[in-house]
1. Dividing the Cα convex hull volume of the chain by residue count, how many Å³ per residue is that?
2. For the chain, what is the accessible area per residue in Å² when the probe is 1.4 Å?
3. Hey, in the GNM for the chain with a 10 angstrom Cα cutoff, which one of Glu122, Glu18, Glu70 fluctuates hardest?
4. With each pseudo-label sitting 7 Å past Cα toward Cβ, what's the Ser39-Asp187 distance in nm, one decimal?
5. Given a cut-off of under 8 Å on Cα pairs at least six residues apart, what relative contact order in percent is computed for the chain?
6. So which residue, out of Ala121, Ala177, Ala136, gets the largest mean-square fluctuation from a GNM of the chain using Cα contacts under 10 Å as springs?
7. Cα centroids of the range 28-98 and the range 152-185: how far apart, whole angstrom?
8. Based on DSSP H runs of at least 4 residues, each adding -39500 (n - 2.57), what is the mean residue ellipticity at 222 nm of the chain after dividing by all its residues, to the nearest 500 deg cm²/dmol?
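The values are calculated or read from the model by the stated rules, or taken from the named source; none is laboratory data. Everything numeric here is computed off the predicted structure, so don't read it as measured data. FYI the Cβ positions are ideal-geometry reconstructions off the backbone, even for glycines, and counts take in every protein chain you see. Note: areas computed on protein heavy atoms with side chains; ligands, DNA, RNA excluded. Shrake-Rupley method; radii C 1.70, N 1.55, O 1.52, S 1.80 Å.
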Amino acid sequence: TIDVTFVPEEWPFVDVAESDWFFQAVKYVFERGIMVGTSDTTFEPQSSVTRGQVVQMLYNLEGQPTVTGESTFTDSNTHWAAKAIAWAQKTGVVSGYGNNTFRPNQAVTREELAQMLYNYAEYKQYDLTASGDLIAFPDGNNVQGWAKTAMSWANGNKLINGHDDGTIDAGGTAIRAQAASILMNFDQNVAEK
């Protein structure tokens, strides 16, 4: 007889514990290939998320479709996420800045993240009707005009919520733990509807 012993796969990330509020979200996005670690053993949940990383996450969520050609951004075609950035530009998920740059290494703000998710949902023809009341947040008026619809939609879908102090912090940077939670909620609550 052959003795087959099942050995559960070890949890790879030494910086993500089961007691952390973001554990289930990190587990969800990692197991589905939406997000990867920053190394074989670290996830860096408190590190900020770059614009290039967000695009790569959405490209992963999309199943990494074939991309032909490059983006027209002057700062992205030699970047490690170049293929994802080209896909995101071609699909309208991102549009970049006025000087034809994408700034892939720049930390993404919460409102930029909301806009990218909103654009992706629009590309996928998901329901865009949900909306939250930004005025309910003490800093709700700080959401920039171009991001109001996307932030309201993201809040209405419980993707981007207020911090413990009640602020929505639209201009603040998103961290990897938050991105994991947002992408899990997006995949479960928006994409699967």
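1. Details: hull volume 29.1 nm³, N = 193.
Residue-normalised Cα hull volume stands at 151 Å³.
2. Details: 10120 Å² over 193 residues.
Solvent-accessible surface per residue comes out at 52 Å².
3. Of Glu122, Glu18, Glu70, the most mobile in the Gaussian network model is Glu18.
4. Between Ser39 and Asp187, the label points sit 2.5 nm apart.
5. Working: 279 pairs, mean separation 44.5, N = 193.
Across the chain, relative contact order equals 23 percent.
6. Greatest mean-square fluctuation among the candidates belongs to Ala136.
7. 19 Å
8. Numbers: 6 runs with 63 residues, N = 193.
Rounded to the nearest 500, it is -9500 deg cm²/dmol.
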